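This report concerns only the one structure given below.
Computed from the coordinates by the stated procedures, all read-outs in this text should not be read as laboratory data. This structure is a prediction, so every number in the text was calculated from the model and none was measured. Cβ atoms come from the backbone with ideal geometry, glycine included; neighbour counts cover every protein chain shown.
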Amino acid sequence: MLKQIVYSVIIPVYNEEAVIDETYKRIKRVMDSTGEVYELLFVNDGSRDQTAPIIKKYGVRDRTVKLIDFSRNFGHQIAITAGMDYASGQAIIVIDADLQDPPELILQMIEKWKEGYEVVYAKRTHRKGETFFKKQTASLFYRLLRASTDVDIPLDTGDFRLIDRKVCDEMKRIPEKNRFVRGLVSWVGFRQTAVEYIRDERLAGETKYPLKKMLKLSMDGMTSFSYKPLKLASYAGGLVSFAGFIYMLVVLYLKLFTNSTVAGWASVIIIQLLFGGVVLIILGVIGEYIGRIYDETKDRPLYIVRESHGIETKPRKVPHSVKHG
Ligand code: UDP
Ligand code: MG
C-alpha cells in the first residue's frame with residue numbers, strides 16, 4: 001500500500017517548454033524538503049509544443065509526476081479546476097508554471113496550513129518585469145472587483161495558494177462554467193490567511209495571457225461576483241432619460257413661448273448619438289450576463305481529458321450528500 005499523499009501541487013501548463021525543466025526541478029526541490037509524500041499534478045492545457053512529452057518523460061522515472069492532458073486549450077481557470085478534481089492530497093497547492101510564483105513560498109504556506117488555516121493565499125506586494133499596462137490594469141481590476149462585490153476577494157492575489165482538502169471538496173461541488181477560481185475560493189469561506197511575496201519575472205517564454213484572455217478573466221470575475229454592472233446600466237439609463245425629459249421641457253418651452261424655432265439639426269444628432277451609445281452599452285452589459293446564463297444551461301462538461309498518467313481516481317462530481325468528517 002502506498003503512503004497517503006499529503007501535498008498535491010497543481011501546475012497548469014500551456015506551451016511552457018521553455019521553462020518546464022527548471023520549474024520541475026525547483027518545485028521538486030522544495031517539495032522534497034518537506035519530507036512528506038506529495039504529487040506533482042501537471043495539467044496540460046492543450047499545449048502545441050513539447051510540454052506534454054517532456055512531462056511524460058519525467059513521469060517515467062518519477063512516480064510523483066502525474067499528468068492530465070486536455071484535448072485542447074480550455075483555459076487556465078479550467079486547468080486549475082481539473083487539477084482540483086484529480087488532486088488526492090490533504091493540502092492542495094496551485095502554482096504557475098513560469099516561476100513567477102516562487103515555489104519556496106510553498107513552505108511558508110504549509111506552515112500556515114499546519115497552524116490550522118484552510119486557505120493560504122499569496123499576496124503580491126510587488127510585481128517585477130511586467131509591463132506598466134499589465135500592472136495598472138491588474139491593479140484597477142482587483143480594486144473595481146472588490147468595490148463591486150460582497151464576497152471578500154483579496155486584492156493583488158492570483159491563483160497561487162494552498163487550500164485544504166475540505167475547501168477542495170467544496171470547490172468540486174461548484175458547477176459554474178465561466179470560472180473565476182480565486183473568487184470561488186473566497187466565496188467558499190473557511191479560515192483564510194495570506195503570505196506576502198514579490199512576484200518575479202517570467203523565467204522564459206512569453207505570457208500566455210494576452211489581452212483577450214485577460215479581458216475574459218476580468219469579465220468572468222465581475223459578472224460572477226457582482227450585479228453592479230447591471231445596476232449601473234439601469235442607473236445610466238435612468239440618468240439619460242431624466243436628462244432627455246428635461247431637454248424635452250426646454251424644447252417645448254422654446255416652441256410654445258419663443259419665436260426661435262431653430263433648425264435643430266445639431267441637437268438632434270447629438271441626442272441620437274448619446275442615446276444610441278448608452279443603449280448599446282446597456283445592451284452589451286446585459287448580453288454579457290445572458291451569454292453566461294446560456295453557457296450554464298448548456299451544461300457541457302468543463303473540460304475533456306485526452307489521456308492521463310499516474311492517476312487512478314475518477315473525480316467530478318462529488319455528490320452533494322458527501323459529508324466531511
Ligand atoms: N495557462 C494555461 N492555459 C492558458 C493560459 C495560461 O494553463 O490558456 C497557464 C500558464 O502555462 C501558466 C499560468 O497559466 O502556468 C499563468 O499564465 P501566464 O504566466 O502566461 O500568465 P501571466 O503570469 O502572464 O498573467
Ligand atoms: Mg506568468
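What does the C-alpha gyration tensor say about the overall shape of segment 192-301? Classify as rounded when a/c is under 1.5, otherwise prolate if a/b is larger than b/c, or oblate. Here segment 192-301 falls in the prolate category. Considering only Cα atoms, the convex hull volume of segment 75-198 works out to 112 Å³ per residue.
The peptide list 244-254, 120-130, 103-113, 229-239, put in order of mean Cβ contacts within 10 Å with the highest first, becomes 103-113, 120-130, 229-239, 244-254.
For the chain, the longest principal axis of the C-alpha atoms and the axis of helix 76-86 are separated by about 40°.
Any chance you could give the angle, 0 to 90 degrees and rounded to 10, that helix 105-115 forms with the longest Cα principal axis of the chain? Helix 105-115 sits at roughly 90 degrees to that axis.
For every other residue with a beta carbon closer than 9 angstrom to the beta carbon of E296, add +1 if it is Lys or Arg and -1 if Asp or Glu, then tell me the sum. It works out to a net charge of 0.
Across the chain, C-alpha contacts under 8 Å between residues 6 or more apart give a mean separation that, scaled by the residue count, equals a relative contact order of 22 percent. Pairs from the list K28/K56; K56/K112; K25/K208; K128/K208; K28/K112; K213/K298 with a Cα-Cα gap above 24 Å: K56/K112. Structure note, pairs K114/K216; K57/K135; K57/K134; K114/K134; K135/K177; K57/K123: Cα-Cα distances above 31 angstrom occur for K114/K216; K57/K135; K57/K134; K114/K134; K57/K123.
A quarter of the convex hull surface defined by the alpha-carbon atoms of the chain gives 21.3 nm² as the mean projection. Relative to the first principal axis of the alpha-carbon coordinates of the chain, what is the inclination of helix 228-257, with its axis defined by its Cα atoms, in degrees from 0 to 90 and to the nearest 10? Roughly 10 degrees between the two axes.
Only helices enter this figure: runs of n ≥ 4 DSSP H residues, each worth -39500 (n - 2.57), summed and divided by the residues of the chain, yield -16000 deg cm²/dmol at 222 nm to the nearest 500. Note on segment 125-168: Cα Rg divided by 2.2 N^0.38 Å, N the number of residues, gives 1.40.
In order along segment 162-167, the Karplus-derived 3J(HN,Hα) couplings, from 6.51 cos²θ - 1.76 cosθ + 1.60 at θ = phi - 60°, round to 10, 10, 6, 3, 4, 5 Hz, and Gly and Pro are given as x. The modelled label-to-label distance for the pair R26/Y227, using points 7 Å beyond Cα in the direction of Cβ, is 4.4 nm.
Ordering V278, F225, F245 by Cα displacement along the dipole of segment 166-309 toward the positive end leaves F225 in first place; charges were set at the Cβ atoms of Lys, Arg (+1) and Asp, Glu (-1). Highest mean packing first, where packing is the average number of other Cβ atoms within 10 Å per residue, the peptides 290-297, 143-150, 7-14, 35-42 line up as 7-14, 35-42, 143-150, 290-297. Taken along the Cα-to-beta-carbon direction at a fixed 7 Å, the label points for T34 and I290 span 4.7 nm. At q = 0.21, 0.22, 0.26, 0.27 Å⁻¹ the log10 of I(q)/I(0) for segment 205-261 amounts to -0.85, -0.88, -0.96, -0.98, computed by Debye summation with a single uniform scatterer per C-alpha, solvent ignored.
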